[in-house]
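Let me begin by presenting the structure, written as structure tokens, before commenting on it.
The values are calculated or read from the model by the stated rules, or taken from the named source; none is laboratory data. The structure displayed is predicted, hence computed values, not measured ones. All Cβ positions, even for glycine, are placed from backbone atoms using ideal geometry, and neighbour counts span all protein chains on display. Please note that ligands, DNA and RNA were not included when accessible areas were found on the heavy atoms of the full protein model with its side chains. Shrake-Rupley method; radii C 1.70, N 1.55, O 1.52, S 1.80 Å.
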Amino acid sequence: ADTAMYRAKRAGGGHAFFNVQHDRRTPAEMTLLTGLHHALERCEFRLHYQPIIHAVTGVVAGYEALIRWEGPDGLVSPAEFIPLAEVSGLIVPIGQWVLREAVRTAALIPLGHIAVNVSPLEFSQPHFVEYVARVLCEENLDPGRLLLEVTENSLLDPRRAQDVLQDLRTLGVRVALDDFGTGYSSLSALAGLPVEVLKIDRSFMAQVGQPSPEGMRAAELVRAVVALARAFGLDTVAEGVETQVQARALSELGCTFLQGYHFGRPGPLPQPAVHGAHAPVA
Ligand code: C2E
Ligand code: CA
Ligand code: CA
Ligand code: CA
């Protein structure tokens, strides 16, 4: 196979090397990959933050950090470039940048907890937990404020996943199972998993709150997931909440937290009113 050495600058300095298979990529993918490589070097990534609301009090409990890439030809969706970053290995330095940036921001701004997406390849890095610990220490963030969002694809090796999750728990970091309901997690696998939060996938939200058979079914599904989560002592986040009707229904169904366009789109954080200066005395 025609394999090229791919060099990527790591967020923390130094270099990481990845073997990139060139042979199976379309020209469009190659262009995207080259662009991603440059994006890392030129710091073209930014984080947007989406509020996560406490379902009962309506208070903002925290934010999810979502990566944005402002490339030479405009904004590229993470849905487009994260999968390619994952298979090429570039997700590792990208993920390191995301974690560093999100943790640094959370340490500066009292925004509640900060949720950071972790891809399966990042999760499988041998020193992943050590890296998380180092970033928290260097940026001086209380580990309890960090919530790592992993998907089932990070848990394909159950014994290793168990170890990593346990190490994260020991560190004081919480973990959410993202996109819950879209994969094939067995209930028995979930029972023993040291995670704290279930994020119920957006695809279940569309019908919730509708006075139709589909709406009733969606509600029953959410009710079942909430009951399951409670049985294991987990919190739930309903993601993709777009309407007041959905929000009310999900709150009544017992979801702990709500997230979606209804409460706020991902965007830059509101800057603190006073930054590095003294507050005017009232
Ligand atoms: P995700 O982790 O499931 O993130 C939620 C996605 O749903 C985000 O899309 C968010 O903008 C979108 N969303 C939030 N509320 C609503 C809503 O009410 N309606 C609709 N239709 N959509 C809503 P986004 O930002 O485009 O990210 C897509 C995916 O890319 C993420 O899905 C995640 O899997 C991945 N991703 C994003 N940022 C990162 C990152 O920093 N690292 C990694 N590894 N993956 C990331
Ligand atoms: Ca997520
Ligand atoms: Ca999700
Ligand atoms: Ca998703």
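Given their separation in residues at 0.36 nm each and the Cα-Cα distance between them, ARG265 and GLU130 gain 45.4 nm when the chain is fully extended.
For chymotrypsin sites (Phe, Trp or Tyr not before Pro), the sites in region 125-222 that DSSP calls loop and that have at most 14 other Cβ atoms within 10 Å are TYR184.
Give me the dipole magnitude in Debye, nearest 20, for the chain about the Cα centre, with unit charges on the beta carbon: positive for Lys and Arg, negative for Asp and Glu.
About 360 debye.
Only DSSP H runs of four or more residues enter the estimate; each adds -39500 (n - 2.57), and after division by the residues of the chain the mean residue ellipticity at 222 nm equals -12000 deg cm²/dmol.
Relative to the longest principal axis of the Cα atoms of the chain, the long axis of helix 158-171 lies at roughly 80 degrees.
Measuring nothing but protein heavy atoms, the accessible surface of the chain at 1.4 Å probe radius is 55 percent carbon and sulfur. Per residue, the solvent-accessible area of region 16-168 (1.4 Å probe, heavy atoms of protein chains only, all protein chains present) comes to 47 Å². Distance between the modelled labels on LEU75 and GLN162, one decimal in nanometres: 4.3 nm (7 Å Cα→Cβ projection). Extension gain, ARG24 to LEU108: 0.36 nm times the residue separation minus the Cα-Cα distance gives 25.9 nm. Taking 7 Å steps out from each Cα toward its Cβ at GLU214 and ALA231 produces label points 2.9 nm apart. Along the axis of the charge dipole computed for region 124-227 (Cβ charges of +1 for Lys and Arg, -1 for Asp and Glu, origin at the Cα centre), the listed residues LEU141, GLN166, ALA191 are led at the positive end by ALA191.
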